[in-house]
Amino acid sequence: MKQKLFVLSMDAMVEEDIEYLKTRPNFQRLMEHCCQIKKVQTIYPSITYPAHASMITGCRAGKHGVYNNTKYPTEKTYPDWYIDTSEIIKVEDLFAAAKRAGCTTGAVYWPIMGNNPNIDYNVNEYFFYEKGEADTRESVRNAFRRMGANDDTLKAIDENFDRLPTERGAKSANLRLNQTFDHFIMGCICSLIRRYQPDVLVAHNCLLDSLRHRNGIFNDKVTWGLDITDYWLGEIIDSMYDAGVLDDTNFVIISDHGQMNFSRRLKMNVLFARKGWLTAGPNGKPTADSKVVSQSNGMSDSIYVRDKSLLKEVHDYLLKLSADGVWGFSDVFTTADVEKLYGWSGPFDFVVETDGYTTFSDDCREPMIAGIDLSDYRLGKATHGYRPEKGPQPVFVATGPAFRKDVTIPFAYTIDEAPTFAHILGQSMPQADGRVITEILA
Ligand SMILES: [Zn+2]
């Protein structure tokens, strides 16, 4: 029997969480003789969609093309998440390598995998119905079908309808399982394993990220999330056991970024409006004729100078604000700077990096400094988007026939993950910036 690969990305899981999980029964059972990477450095910007594109392609953001979570900011589409693979990802991903190896493939809520031709069982990360569509069982099925779920995949989705959120979009700090897609996601993973045993299955769960945004990086709510995570791991172990694939599965838990607490949020767009470079539309978003617009990455901010005659003036203004030391950012990078330092590029012109205390909001309306609330997923008590060296770091822990047992190595990059997974499948990923982490392989 050939080896299976299961990769679970627990959004915003950090090294400290692994130490706690080592005391929980299912993680203990699963990862008793694991291999672990103590610190895994993500990319810049350290945000979910670019980071997951890097984890699945082995490339930095400038090469794979996902330069932000959402599309170029316009009045109409602001914010508008990337959904379809073909919409933005410019390089080969792990699924293409898996297909070369003759594997069956599955993905559950991995970002930007909509209609990916190399995924056999595709439950795309997708929260939206068509405008005017009623929230019914058929509309949910249609939404997933539009994003690439075939009839076999819909059978797995059908089995988990009772795990879909009944209170979507709730803003309370006391996040419950009926308010997120995470319980549904874990159910779909188990159904796909029991029904089809895909050779390569990747999945993405956001519970810890949501809890940290709302409550801060370490607290009892996050610990509750880790306890639920251990319960879910038990469900997945059981499904693998029932399907007869547990011993042959390479089981990997990774994450995309950490988080850091912050104490205030600042609206760069308000500064640009005060300079006369931006006009706020009636919905608080910049009008189409705005000359300078910012797009928040949480604890960094991308700035688009649409009127290129203003480039130098905007740059000088940002440098002056940075030198003042009170405007929430410590570094001003040009696109050329972040390309050289971090391999990040895109249609923006500048990036400002947090001073360590400040996060950025897209809002165009005064006052410039806003209170902290839960109106935006990036703006609760903790967030990410800062330079990848900062804060608690993402995780990598793995067990299975391809991995060495009881081995810990100190450091790797998230862009090393996809080439390493492809290597396990007997494939290489020639476009990847990362390397095969041979030290952890049996
Ligand atoms: Zn994330």
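Run through the stretch 130-214 and list the trypsin sites (Lys or Arg not before Pro) located in a DSSP loop whose Cβ has at most 13 other Cβ atoms within 10 Å. In loop regions of the stretch 130-214 (DSSP not H, G, I, E or B), the sparsely surrounded trypsin sites (Lys or Arg not before Pro) are 131, 168, 171, 176. When both the stretch 283-362 and the stretch 2-42 are represented by their alpha-carbon centers, they are found 36 Å apart.
Excluding same-chain neighbours fewer than eight residues apart, the lysines reachable from residue 90 by a Cα-Cα span under 16 Å are 63, 71.
Of all the stretches in the chain, which is the longest one without any exposed loop site, taking GluC sites (Glu not before Pro) in a DSSP loop (any state but H, G, I, E, B) with at most 14 other Cβ atoms within 10 Å? Between the exposed loop sites, the longest stretch runs 168-388.
Which percent of the accessible heavy-atom area of the stretch 322-371 goes to carbon and sulfur, probe 1.4 angstrom? Can you show the working numbers first?
Working: 1140 of 2080 Å².
Answer for the stretch 322-371: carbon and sulfur cover 55 percent of the accessible area.
Placing unit charges on the Cβ atoms of the charged side chains and taking the dipole of the chain about its Cα centre, the candidate lying farthest along the positive direction among 392, 140, 23 is 392.
Tell me the mean residue ellipticity at 222 nm calculated for the chain from its helices only (DSSP H runs of n ≥ 4, each -39500 (n - 2.57), averaged over every residue, nearest 500). Intermediate results must be reported in sequence, preceding the final value.
Values: 15 runs with 141 residues, N = 442.
Mean residue ellipticity at 222 nm (helix-derived): -9000 deg cm²/dmol.
Projected label points at residue 166 and residue 32, each 7 Å from Cα along the beta carbon direction, are separated by 3.9 nanometres. If you run the Gaussian network model on the chain, springs between alpha carbon atoms under 10 Å, then out of 72, 44, 109 the most flexible one is 72.
Within the chain, DSSP assigns beta bridges of which about 50% are antiparallel (rounded to the nearest 5). Along the charge dipole of the chain, Cβ charges K/R +1 and D/E -1, which of 286, 65, 6 sits furthest on the positive end? The one lying farthest along the dipole's positive direction is 286.
Looking at the square roots a ≥ b ≥ c of the eigenvalues of the Cα gyration tensor of the stretch 263-371, which shape do they give, rounded for a/c under 1.5, prolate if a/b is larger than b/c, or oblate? Verdict is oblate for the stretch 263-371. Counting only residues at least eight positions apart within a chain, or on another chain, the aspartates and glutamates with an alpha carbon under 15 Å from that of residue 38 are 15, 16, 17, 19, 256, 389, 406, 416, 417, 439.
Stretching the chain fully between residue 310 and residue 238 yields a gain of 20.0 nm (0.36 nm per residue, less the alpha carbon separation).
For the stretch 432-438, putting each phi into the Karplus relation 6.51 cos²θ - 1.76 cosθ + 1.60 with θ = phi - 60° gives couplings of 5, 7, x, 10, 6, 7, 5 Hz, in residue order, rounded to whole numbers and with x for Gly and Pro.
Can you give the net charge of the other residues whose Cβ lies under 9 Å from the Cβ of residue 401, counting K and R as +1 and D and E as -1? Let's see the in-between values first.
Details: positive: none; negative: 247, 248.
Local charge sum for residue 401: -2.
The values are calculated or read from the model by the stated rules, or taken from the named source; none is laboratory data. Worth saying up front: this structure is predicted, and the values here are computed from it rather than measured. Note: ideal-geometry Cβ built from the backbone for every residue, glycine included; neighbour counts use all protein chains shown. Protein only, heavy atoms only, side chains kept; ligands, DNA and RNA dropped before computing areas. Shrake-Rupley method; radii C 1.70, N 1.55, O 1.52, S 1.80 Å.
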